[in-house]
Every structure is written in C-alpha cells, then in structure tokens.
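Report on the structure given below.
The values are calculated or read from the model by the stated rules, or taken from the named source; none is laboratory data. Here the structure is a predicted model, which is why all the values come from computation and not from measurement. FYI the Cβ positions are ideal-geometry reconstructions off the backbone, even for glycines, and counts take in every protein chain you see. We work out accessible area using only protein heavy atoms, side chains counted, and drop any ligands, DNA or RNA first. Shrake-Rupley method; radii C 1.70, N 1.55, O 1.52, S 1.80 Å.
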Amino acid sequence: MELLKLIKIPFRGYQIIIAKEDNKNEEFTVTMQKANETTFGNTLIEQLTGTNGSDLLDIMRKMSLKIDALDQSEE
C-alpha cells in the first residue's frame, strides 16, 4: 500500500487538494472542491493531473479561470 501525501489549500472560496503517492512516480493530482451548502460533503469541481512545476502552474491557472467562470454564472 502506497502512502498518499496531501496538501489542502483554501483558494478563492474553494479547497484545492494536491495529492501525490509516495513512490518514484512524479505524477500528482490536483482537485478543486467547493463545500456544498445542502449536504455535508464537498462538490467536485475539477480534477487534473500533472508531473512537474509547470504543470502545477498551468493547472492553477485553469482552476482560477474556472472559478472566474463559476462566479460570473452566479451573478
């Protein structure tokens, strides 16, 4: 069984979770969630995978744009 390293970051009203298995593979997963006001769980908004710092920056840019679009649709 592999250990899973998690980093949870509050980001513009959402929660970003960066997950990486503790093995030699450099792949990581970034998940964006928003707390659901009607249930006790979280709503999955986006999940992307990367392997390096450039991927992480690109993923965060994409998630920021997604948040902008979601915020605009709520107005």
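Brief remarks on what is shown
- Pair list, Cβ < 8 Å and 6+ apart or interchain, from the stretch 48-60 residues that are over 10 Å from THR29 (Cβ atoms) and touching a residue at least 60 places away in the same chain (Cβ under 8 Å) to residues that are open to solvent by 50 Å² or more (accessible area, probe 1.4 Å) and assigned to a loop (DSSP other than H, G, I, E, B): none
- Here the stretch 1-18 is the region considered, the condition is being closer than 24 Å to ASP68 by Cβ and either among the hydrophobic types (A, V, I, L, M, F, W, C) or touching a residue at least 60 places away in the same chain (Cβ under 8 Å) (or both), and the residue that is least open to solvent (accessible area, probe 1.4 Å) is ILE16.
- SER64 meets the stated requirement of being in contact (Cβ under 8 Å) with a residue 24 or more places away in the chain, part of a helix (DSSP H, G or I) and small (Gly, Ala, Ser).
- For the stretch 21-75, a residue qualifies if it is more than 16 Å from PHE11 (Cα to Cα) and small (Gly, Ala, Ser), and the qualifying residues are GLY41, GLY50, GLY53, SER54, SER73.
- Subset tally (residues that are out of contact with any Ser or Thr (no Cβ under 9 Å at 6 or more places or on another chain) and either closer than 24 Å to ASP71 by Cβ or open to solvent by less than 70 Å² (accessible area, probe 1.4 Å) (or both)) for the stretch 23-39: 6
- Residue satisfying condition, being among the β-branched types (Val, Ile, Thr), over 19 Å from SER54 (Cβ atoms) and part of a strand (DSSP E or B), within set ILE7, ILE17: ILE17
- Selection count where residues are open to solvent by 90 Å² or more (accessible area, probe 1.4 Å), within 12 Å of ILE17 (Cβ to Cβ) and either among the basic types (Lys, Arg) or touching a helix residue (DSSP H, G or I) at 6+ places or on another chain (Cβ under 9 Å) (or both), scope the stretch 40-70: 0
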